[in-house]
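Undergrad: One structure, as structure tokens, below. Some questions next.
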Amino acid sequence: MSLTMMSCVNKPEQWQSEQFDGKTFNNQATSLNDGSENMANIFYRFMFEDRKQRVPQQALPMQPLDLQLWQQSQQDLVARLGHSSVLLKLDGGFWLTDPVFSKRASPVQWAGPKRFHQPPVTLEQLPELTAIVISHDHYDHLDKHSVLALADKTERFIAPLGVGQRLIDWGVPADKVTELDWWQEYQHAGVTVAATPAQHFSGRSLRDRNQTLWASFVLQGQQSKVFFSGDGGYFGGFKEIGERYGPFDLTLMETGAYDESWASVHMLPEQSVQAHLDVRGEVLLPIHNSTFNLAFHPWQEPLQRVQHQAERSGVSLWIPMIGETRTIGGAYSNNSWWEQSAETLTQLTAVDGNS
Ligand code: ZN
Ligand code: ZN
């Protein structure tokens, strides 16, 4: 059942969520291969696998965000700021997903995965925001520094159950925060936001696993409808989302940080294409790659594999440079910027003699 919620954040004892068992949140599937079974093997690979190509050997091509275009355009727009941070213009308002502007996706800034590129716009340069949508509390999606820097600039934060309370604990005013359970809807500035299921997990320390909910989101404005996957493995929920809310003009689909060892909580690129088809997407924009590498695969591999699969499946794929702006539903082209980097990378490796 869909509910239209007023803005509010409830205490856990008031949650009526089917996903919450009184202690932790749970996925629809009961047993998942999330990598925790074979931690020893993963640690071994972490120590000994060749990880040279996990990060680019040269600066990524990118475009500074065209702020004038963003302010003046009457159309709905989209640009990737990095990882799963995507700026959208919907019905004249600015919407931002999972803002991460910090140097590292980590509890501390002296260790942990370091970003490959600067954001194409600074926190200070960002325009006033209508809302920030947060998918879950992992460090590569929920960045305390960015949240606090944007708290005055955004009208509203929208997050799954339990995640909003984290923001309030950090000092964000409670009246700016809306928490949603799966299938709950919220209207703000003419846009309908629905939290939808995802097959993932949560936590920011060793002691708080699955204490907060994870979700994907539907953003439906007057002109366009966008699906934001958040993080998650491939599951039957995508079809249901497609039945209830599809078709979508644009899908922001997780494509990166995957591994066969944890495929149930992060999709393989071929599954990202299938998820796009399941939700009935028009254009697929792969996110969760090219900013932090959180897995063993080479950094370009998600883009190469998703491109290959999209061609086989006849799916329209747009892989923008970081910062590149496009009208949602408008024309677009791909310049294979990641392959140009790959060639340079191969040359560098050859010169090194370490191919
Ligand atoms: Zn995650
Ligand atoms: Zn993630």
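Residues are listed down the side, and each one gets a yes or a no for (1) farther than 18 Å from residue 230 by Cβ; (2) surrounded by fewer than 19 Cβ atoms within 10 Å (Cβ to Cβ); (3) in contact with a Leu (Cβ under 7 Å, 6 or more places away or on another chain):
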{"residue": "120", "(1), (2), (3)": "yes, no, yes"}
{"residue": "123", "(1), (2), (3)": "yes, yes, yes"}
{"residue": "132", "(1), (2), (3)": "no, no, yes"}
{"residue": "137", "(1), (2), (3)": "no, no, no"}
{"residue": "147", "(1), (2), (3)": "no, no, yes"}
{"residue": "153", "(1), (2), (3)": "yes, yes, yes"}
{"residue": "157", "(1), (2), (3)": "no, no, yes"}
{"residue": "168", "(1), (2), (3)": "yes, yes, no"}
{"residue": "174", "(1), (2), (3)": "yes, yes, no"}
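Undergrad: Among (1) modelled with pLDDT of 95 or more; (2) closer than 22 Å to residue 117 by Cα; (3) of a type in the set (S, T, N, Q), there is one condition residue 346 misses while meeting the rest; what is its number?
TA: Condition not satisfied by residue 346: (1).
Undergrad: Please count how many residues of the range 148-160 are touching a Pro at 6+ places or on another chain (Cβ under 8 Å) and within 16 Å of ligand 1 (Cβ to nearest atom).
TA: Here the count works out to 0.
Undergrad: Given (1) touching a strand residue (DSSP E or B) at 6+ places or on another chain (Cβ under 9 Å); (2) more than 24 Å from residue 235 (Cβ to Cβ); (3) more than 16 Å from ligand 1 (Cβ to nearest atom), identify the lone condition not met by residue 106.
TA: Residue 106 satisfies every listed condition except (3).
Undergrad: Could you list, in sequence order, all residues of the range 85-111 that are among the charged types (D, E, K, R) and surrounded by fewer than 19 Cβ atoms within 10 Å (Cβ to Cβ)?
TA: If the condition is that a residue be among the charged types (D, E, K, R) and surrounded by fewer than 19 Cβ atoms within 10 Å (Cβ to Cβ), then 91, 103, 104 are the ones that fit.
Undergrad: Those residues that are within 13 Å of ligand 2 (Cβ to nearest atom) and more than 15 Å from residue 303 (Cα to Cα), I need them from the range 267-292; list them, please.
TA: none
Undergrad: While we're looking at this one, here's another question. Counting only residues that are assigned to a loop (DSSP other than H, G, I, E, B) and of a type in the set (A, V, I, L, M), which one in the range 275-324 is surrounded by the fewest Cβ atoms within 10 Å (Cβ to Cβ)?
TA: So, considering only residues that are assigned to a loop (DSSP other than H, G, I, E, B) and of a type in the set (A, V, I, L, M), the one surrounded by the fewest Cβ atoms within 10 Å (Cβ to Cβ) is 321.
Undergrad: Also, quick follow-up: Would you please list the contacts, defined by Cβ atoms under 6 Å and residues six or more apart or on different chains, that run from a residue in the range 323-339 that is modelled with pLDDT under 90 to a residue that is in a strand (DSSP E or B)?
TA: From residues that are modelled with pLDDT under 90, the pairs are 332/326.
Undergrad: Which condition number does residue 82 fail, the rest of (1) small (Gly, Ala, Ser); (2) exposed (fewer than 13 other Cβ atoms within 10 Å of the Cβ); (3) within 24 Å of residue 231 (Cα to Cα) being met?
TA: (2)
Residues checked against (1) crowded, with 23+ Cβ neighbours inside 10 Å; (2) without any contact (Cβ under 8 Å) to a residue 40 or more places away in the chain; (3) within 13 Å of ligand 2 (Cβ to nearest atom):
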{"residue": "188", "(1), (2), (3)": "no, no, no"}
{"residue": "195", "(1), (2), (3)": "yes, yes, no"}
{"residue": "205", "(1), (2), (3)": "no, no, no"}
{"residue": "213", "(1), (2), (3)": "yes, no, no"}
{"residue": "227", "(1), (2), (3)": "yes, no, no"}
{"residue": "234", "(1), (2), (3)": "no, no, no"}
{"residue": "241", "(1), (2), (3)": "yes, no, no"}
{"residue": "245", "(1), (2), (3)": "no, no, no"}
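Undergrad: Show me the strands (runs of 3 or more DSSP E) entirely contained within the range 40-150 in which 1 or more residues are basic (Lys, Arg) and touching an Asp or Glu at 6+ places or on another chain (Cβ under 6 Å).
TA: In the range 40-150, the matching strands (runs of 3 or more DSSP E) lie at 85-90.
Undergrad: Among the residues of the range 167-195, what is the count of those that are part of a helix (DSSP H, G or I) and in contact with a strand residue (DSSP E or B) (Cβ under 8 Å, 6 or more places away or on another chain)?
TA: Total satisfying the criteria: 3.
The values are calculated or read from the model by the stated rules, or taken from the named source; none is laboratory data. Here the structure is a predicted model, which is why all the values come from computation and not from measurement. Using ideal geometry, Cβ is built from the backbone for each residue, glycine included, and neighbour counts are taken over all protein chains shown.
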